[in-house]
Amino acid sequence: MPLKYLNIKRILRITDVYKDRDIPFFPRLLEYSLEPKKSSVEFEWLKGKPIADSELNAAFYALGKLHKTCMIKSNKNSLYTVCHGDVHKKNIIKNGSKILFIDTSYTHLGWNYTDLDYVDLYDLFEKEKYPWIIKDNGILDSYFDSLEMNISISEKGSFKKKAAVYALRKYIRNGLKNNIDIAYEKKCLEKLCI
């Protein structure tokens with residue numbers, strides 16, 4: 001069973017999200033400890049194989065279903081919902097025909113566009129230089145199909161920009177924190193915000 005040692009504040013956030021919810025596509029929360037300096041959370045072990053690139057559209061369709069199922073409130077083009085918090089290829093597996101999202105230690109309640117922060121919605125990043133980035137290739141369309149929201153083309157464009165700006169700001173924060181060159185990310189953000 002995956003046991004994670006996390007700070008108490010993060011464990012409380014996770015347990016708050018899981019409380020009274022059956023979250024589809026996520027491992028179940030088995031137990032947790034709030035003992036100082038030994039605080040931990042244990043999730044159900046999910047078996048599966050890493051998702052193939054050809055299955056990413058289906059994975060983001062499933063993510064949209066999760067967001068819709070766990071929605072708390074919505075606005076024109078976004079949902080306030082349960083978010084995974086770290087949706088990249090290594091955290092998506094497939095068990096038979098079922099798609100699952102693992103490593104939910106960053107799960108939180110938030111706006112759904114924050115879960116698309118690894119998706120390159122504007123084709124800004126070279127795959128060789130940024131191998132963790134997922135190219136859109138119809139992912140956003142699959143995601144919106146699963147939400148079943150009547151969203152206009154301009155609202156989809158607004159959502160796309162909101163998601164990309166959020167992602168770039170996150171990359172910049174992480175780059176500053178880890179002393180990584182962020183000149184390119186700043187340039188991309190500047191271009192999007194004009």
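The values are calculated or read from the model by the stated rules, or taken from the named source; none is laboratory data. All figures in this text were calculated on a predicted structure; none of them were measured in a lab. With ideal geometry, Cβ positions are generated from the backbone for all residues, glycine too; neighbour counts draw on all protein chains shown.
In this structure, SER158 does not qualify as of a type in the set (Ser, Thr, Tyr), over 17 Å from the mean Cα position of the chain (by Cα), over 15 Å from LEU56 (Cβ atoms) and modelled with pLDDT under 95. When you check LYS4 against the structure, is it touching a residue at least 60 places away in the same chain (Cβ under 8 Å), surrounded by 12 or more Cβ atoms within 10 Å (Cβ to Cβ) and within 15 Å of the chain's Cα centre (by Cα), yes or no? No: the conditions fail for LYS4.
Among the residues of region 57-74, is there at least one that is surrounded by fewer than 19 Cβ atoms within 10 Å (Cβ to Cβ), out of contact with any Pro (no Cβ under 6 Å at 6 or more places or on another chain) and part of a strand (DSSP E or B)? Yes: one or more hits.
Pairs linking a residue in region 25-41 that is closer than 15 Å to LYS9 by Cβ and at pLDDT below 95 to a residue that is among the hydrophobic types (A, V, I, L, M, F, W, C) and surrounded by fewer than 19 Cβ atoms within 10 Å (Cβ to Cβ), with Cβ atoms under 8 Å and 6 or more positions apart or on different chains, are PRO36/ILE8. Screening LEU140 against (1) among the aliphatic types (A, V, I, L, M); (2) within 30 Å of ILE8 (Cα to Cα); (3) outside any loop (DSSP other than H, G, I, E, B) leaves a single unmet condition, (2).
Here is a check on your reading of the model: is ASP123 touching a strand residue (DSSP E or B) at 6+ places or on another chain (Cβ under 8 Å) and touching a residue at least 12 places away in the same chain (Cβ under 8 Å)? Against the criterion (touching a strand residue (DSSP E or B) at 6+ places or on another chain (Cβ under 8 Å) and touching a residue at least 12 places away in the same chain (Cβ under 8 Å)), ASP123 qualifies. Report the residue count in region 75-87 for those that are surrounded by fewer than 17 Cβ atoms within 10 Å (Cβ to Cβ) and either closer than 22 Å to ILE14 by Cβ or within 10 Å of the chain's Cα centre (by Cα) (or both). Of the residues in that region, 1 qualify.
Restricting the search to region 166-182, which residues are more than 17 Å from ILE139 (Cβ to Cβ), crowded, with 16+ Cβ neighbours inside 10 Å and touching a residue at least 12 places away in the same chain (Cβ under 8 Å)? If you could, list the steps in order and put the result at the bottom.
Quick first cut of region 166-182, residues more than 17 Å from ILE139 (Cβ to Cβ) only: 168-182.
Now restrict to residues that are crowded, with 16+ Cβ neighbours inside 10 Å: 168, 171-172, 175, 182.
Those that are more than 17 Å from ILE139 (Cβ to Cβ), crowded, with 16+ Cβ neighbours inside 10 Å and touching a residue at least 12 places away in the same chain (Cβ under 8 Å): LEU168, TYR171, ILE172.
Tell me which residues, restricted to region 104-129, are in a loop (DSSP other than H, G, I, E, B) and exposed (fewer than 15 other Cβ atoms within 10 Å of the Cβ). Scanning region 104-129 gives ASP123, GLU126, LYS127, GLU128, LYS129.
Considering only residues that are over 21 Å from the mean Cα position of the chain (by Cα) and either among the acidic types (Asp, Glu) or closer than 19 Å to LEU109 by Cα (or both), which ones fall in region 33-47?
Within region 33-47, just GLU35 meets the criteria.
When SER40, SER54 are screened for being out of contact with any helix residue (DSSP H, G or I) (no Cβ under 9 Å at 6 or more places or on another chain), surrounded by fewer than 19 Cβ atoms within 10 Å (Cβ to Cβ) and small (Gly, Ala, Ser), only SER54 passes.
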